[in-house]
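S.K.: Encoded as structure tokens, here's the structure I'll be asking about.
Bear in mind that the values in this text are calculations on the coordinates, not laboratory data. From a predicted model like this one, the values you see are computed outputs, not experimental measurements. Counting neighbours? That spans all protein chains shown, and the Cβs are built from the backbone with ideal geometry, glycine included.
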Amino acid sequence: MVDRSNAKIVIVGAGHGGGNAVAALRQMGHAGEIVLIGDEPIVPYHRPPLSKAYLKGTAAMDSLKLRPESFYETAAVTLRLGRRVTSVDPDARSVALDDGTAEPYDILILATGSRARRLAIPGTDLSGIHYLRSIGDADAIRDAVGPGRRLAIVGGGYVGLEAAASALSLGASVTLLEREDRILARVACAPLAAFFDRYHRAKGLEIRTQVQVEAFVGDGARVTGIRLADGEILPCDAAIVGVGAEICDELAREAGLTCERGGVVVDENARTSTPDVYAIGDMTWRPMPLYGGRMFRLESVPNALEQARRAAADIMGKPAPAHEVPWFWSDQYDLKLQIAGVPFDSHRLVIRGSVEEGSFAIFHLAEDGRILAVEAVNRGPDFMAGRTLVGDARVIDPERLTDVSIPLKEMAAR
Ligand code: FAD
């Protein structure tokens with residue numbers, strides 16, 4: 001049995017989850033050795049600005065770091081950056097690194113996140129085709145777009161749309177190609193997607209839905225266009241592929257941890273099926289206590305943070321922090337979208353505020369009237385109150401919900 005208060009903890013993956021696990025462990029008084037291993041060459045940083053402020057050039061690299069380098073020194077954390085873990089041996093309690101060394105552990109936290117899904121079509125080896133996951137990716141995109149450049153974006157999800165808004169602000173002309181019949185098809189309800197579609201078009205983005213991308217074409221070295229299923233070639237100087245993320249679960253699978261297609265299976269405290277091995281962040285297939293414990297995968301910063309804190313509390317034998325309502329945000333132009341909850345089995349939509357004026361909140365109600373989720377655009381107070389309503393699974397008369405003369409805060413009061 002491991003002495004957990006003094007245990008040596010190894011964390012694999014120095015992103016949002018890994019970086020916050022370090023901080024939570026030290027805050028909770030962990031006195032043992034902590035080693036943070038990450039294959040990127042820098043300390044953990046905020047990924048969301050990569051498609052927003054950082055891409056536009058309005059946020060500097062240093063402002064992206066979750067914590068300055070000095071934090072890790074003061075917190076006596078051994079950083080092994082620019083190093084990839086190649087395997088985990090749970091019996092020997094050790095991880096192997098790509099430099100041939102090994103790092104033994106008493107407790108292991110896996111936080112390897114996800115990677116951008118690749119398109120398996122001809123021409124993907126041409127230069128000028130970008131994915132967006134790391135700071136290096138964002139730098140390369142920023143160098144490739146600018147006034148007069150033609151950018152094609154494949155995929156109308158949040159990353160694609162945010163990158164489109166940023167590229168337009170840099171002066172590029174941008175065409176977005178989406179396979180489905182609308183943008184945000186997997187991640188937002190139809191009225192919200194329609195609002196964003198109109199807004200982007202008004203800002204100059206060309207959106208083409210129901211198009212199948214067949215190949216990238218080039219001059220032998222660089223991409224010069226995208227061939228669509230009907231034979232049309234859309235000319236471009238650069239392309240960004242934003243077609244979702246794939247979890248980095250190879251280490252966990254090879255080590256024999258229980259995994260589902262959706263990720264590494266964890267419990268409410270981020271424990272995997274293997275003793276003293278935790279998993280946090282994008283890579284997990286986790287229970288959702290607010291929705292009857294059904295399993296789901298969340299790809300968001302708040303989720304990585306919540307799981308980092310719960311894992312740290314479990315390791316330290318502290319009471320588990322309260323369950324959080326899952327939430328997410330997206331910034332596009334002057335629009336701030338904030339989403340609380342997950343609209344599983346959404347039965348009815350109720351809109352509060354004005355879609356035309358770009359200030360509204362869409363509530364997802366279950367069949368029995370419970371508020372399941374809220375999607376709010378430029379409506380911070382409604383998002384905050386809506387989050388409480390979702391967390392309490394409150395039932396509120398839809399007429400009252402849409403009555404803007406009654407502050408939502410009042411309805412959310414406990
Ligand atoms: P990550 O932050 O991805 O960290 C995982 C780290 O592990 C990476 O550095 C990876 O390189 C490393 N790693 C993987 N395998 C190994 C290995 N074998 N050895 C060593 N290191 C390894 N979320 C929001 O909530 N709001 C947003 O607005 C938002 N915008 C986003 C915009 C972009 C462009 C992207 C890419 C993501 C965005 N997200 C947003 C999602 C959010 O960034 C992720 O949910 C979050 O980073 C997940 O944290 P994580 O620790 O699980 O993974």
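S.K.: Taking a virtual spin label 7 Å from the Cα of D345 along the C-beta vector, which residues in segment 276-296 bring their backbone nitrogen under 19 Å of it?
M.R.: Flagged as within label range: 286-296.
S.K.: Could you tell me which GluC sites (Glu not before Pro) in segment 293-401 are loop residues by DSSP with no more than 15 other beta carbons within 10 angstrom of their beta carbon?
M.R.: For GluC sites (Glu not before Pro) across segment 293-401 that sit outside H, G, I, E and B with at most 15 neighbouring Cβ atoms in 10 Å, the list reads E356, E357, E367.
S.K.: Determine one quarter of the surface area of the Cα convex hull of segment 334-412, which equals its mean projected area, and express it in nm² to one decimal.
M.R.: 4.6 nm²
S.K.: Apply 1/(1 + (r/R0)^6) to the Cβ-Cβ distance of Q27 and D219, taking R0 = 51 Å, and write down the FRET efficiency to the nearest 0.05.
M.R.: The value I calculate is 0.40.
S.K.: Mind checking which lysines have their C-alpha under 25 Å from K318, skipping anything on the same chain fewer than 8 residues away?
M.R.: Hits, sequence-local ones excluded: K8.
S.K.: Right, something else. Using only the alpha carbons of segment 139-179, what is the convex hull's orientation-averaged projected area in square nanometres?
M.R.: 2.5 nm²
S.K.: Cut-off under 20 Å on the C-alpha distance; same-chain residues fewer than 8 positions from K203 excluded. Which lysines are left, in chain and number order?
M.R.: Qualifying lysines at Cα under 20 Å: K52, K56, K336.
S.K.: By the scheme Lys and Arg +1, Asp and Glu -1, what is the net charge of all other residues having a beta-carbon under 13 Å from that of L337?
M.R.: Overall, the nearby charge balance is -2.
S.K.: Could you work out the relative contact order of segment 57-152, using alpha carbon pairs under 8 angstrom and six or more residues apart, expressed as a whole percent?
M.R.: It rounds to 11 percent for segment 57-152.
S.K.: Expressed as a rounded percentage, what relative contact order does segment 334-412 have, with Cα pairs under 8 Å and six or more residues apart?
M.R.: Once normalised by length, the contact order is 30 percent.
S.K.: A further question follows. Can you compute the helix-only [θ] at 222 nm over the chain? Use -39500 (n - 2.57) per DSSP H run of at least 4 residues, normalise by all residues, nearest 500 deg cm²/dmol.
M.R.: Using -39500 (n - 2.57) per qualifying helix, the result is -7000 deg cm²/dmol.
S.K.: Quick one: Cα centre-to-centre distance for segment 288-338 and segment 387-414, in angstrom?
M.R.: A separation of 22 Å, based on Cα centres.
S.K.: Once Rh for segment 31-185 is found with the Kirkwood sum over Cα pairs, what is the Stokes-Einstein diffusion coefficient at 20 °C and 1.002 mPa s, in µm²/s?
M.R.: Rounded to a whole number, D works out at 118 µm²/s.
S.K.: Roughly speaking, what is the stretch gain from D91 to R198, that is 0.36 nm per residue apart minus the C-alpha to C-alpha distance, in nm to one decimal?
M.R.: 33.0 nm is the gain from fully extending D91 to R198.
S.K.: Taking Rh as the Kirkwood radius computed over C-alpha pairs, what is the Stokes-Einstein D of the chain at 37 °C in a medium of viscosity 0.692 mPa s, expressed in µm² per second?
M.R.: Approximately 144 µm²/s, per Stokes-Einstein.
S.K.: Can you tell me the FRET efficiency between A60 and T402 if r is taken as the Cβ-Cβ distance and R0 is 45 Å, rounded to the nearest 0.05?
M.R.: 0.60
S.K.: Could you work out the relative contact order of the chain? I mean the mean sequence separation of Cα pairs under 8 Å and 6+ apart, divided by the number of residues, in percent.
M.R.: Value for the chain: 14 percent.
S.K.: For segment 135-173 and segment 26-60, write down the distance between their C-alpha centroids in whole Å.
M.R.: Here the answer is 23 Å between Cα centres.
S.K.: Segment 67-119: percent of C-alpha pairs farther apart than 18 Å?
M.R.: Looking at segment 67-119, the distances longer than 18 Å represent 48 percent of pairs.
S.K.: Taking the Cβ of G29 as the center, what net charge do the other residues with Cβ under 12 Å away carry, scoring Lys and Arg +1 and Asp and Glu -1?
M.R.: So the surrounding residues net to +3.
S.K.: What's the extension gain from A413 to S273 if we count 0.36 nm per residue and subtract their Cα-Cα distance?
M.R.: 46.4 nm
S.K.: Right, here's the next one. Compute the Cα gyration tensor for segment 129-243, then decide on rounded, prolate or oblate, letting a ≥ b ≥ c be the square roots of its eigenvalues: rounded whenever a/c is under 1.5, prolate when a/b is larger than b/c in the other cases, and oblate in all that remain.
M.R.: Since a/c reaches 1.5 but b/c is at least a/b, the shape of segment 129-243 is classed as oblate.
S.K.: Another question, if that's okay. Just subtract the alpha-carbon distance of V395 and S70 from 0.36 nm times their residue separation and send over the number in nm, one decimal.
M.R.: 112.2 nm
S.K.: When Lys and Arg each count +1 and Asp and Glu each count -1, what net charge do the other residues less than 13 Å away from L55, Cβ to Cβ, add up to?
M.R.: Net local charge, L55 excluded: 0.
S.K.: Kindly rank 114-125, 266-277 from highest to lowest mean number of other beta carbons found within 10 Å of each residue.
M.R.: Top of the packing list down: 266-277, 114-125.
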